[in-house]
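Note sheet for the following structure.
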Amino acid sequence: MLVKGNDQMRILAVVLLASVLSGPALAKLPPPSEEAKAKAAETAAKAAWSGKVGAYQLCMSMDRVAAAYRSTAASASPASASSAPAAPIATPACADPGAYAAAVPAGDKPLEAAGAHSPAAMATSPPSGKATSAEITGPRK
């Protein structure tokens, strides 16, 4: 099928416009902040854990299906001596991934360790002295 002159120009214009507009999309983005990196790592860890949970659930369902098949195959097997049942293939046990636990970055300290609840400084004089409030704060300015 041949394309007419006007159609060729339209196609060329569309291709040219698309290439010009895609230039900014290919520009280099600034590097992500530490917070964005931590959030991306947390998302990746949660996705990996979700994959492990899915694999565990699949393994458990396959075990149930295999057990049901073995029980029905054993009861419905023909009494012929020529077909001996094959030995089941040993497979690894299903590994439960456990509950999701968010990883705490090593650099973050809990508030107690960061000094948020630090004790007051040591007193250098008894709290009940003979000085009046005016003597302690000094003259008015």
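Details
- Residues located in the stretch 1-23, provided they are open to solvent by 100 Å² or more (accessible area, probe 1.4 Å), in a helix (DSSP H, G or I) and of a type outside the set (A, V, I, L, M, F, W, C): Asn6, Gln8, Arg10
- When Tyr56 is tested against (1) surrounded by 10 or more Cβ atoms within 10 Å (Cβ to Cβ); (2) at pLDDT 85 or above; (3) more than 30 Å from Ala38 (Cα to Cα), just one condition goes unmet, and that condition is (3).
- Any hit, the stretch 83-105, residues being within 30 Å of Ala38 (Cβ to Cβ), modelled with pLDDT under 70, out of contact with any helix residue (DSSP H, G or I) (no Cβ under 7 Å at 6 or more places or on another chain) and open to solvent by 60 Å² or more (accessible area, probe 1.4 Å): yes
The values are calculated or read from the model by the stated rules, or taken from the named source; none is laboratory data. Keep in mind the model is a prediction, meaning the values are calculated, not measured. Positions of Cβ are generated from backbone atoms using ideal geometry, with glycine treated the same way; all protein chains shown enter the neighbour counts. Ligands, DNA and RNA are excluded from the accessible area calculation, which covers all protein heavy atoms including side chains. Shrake-Rupley method; radii C 1.70, N 1.55, O 1.52, S 1.80 Å.
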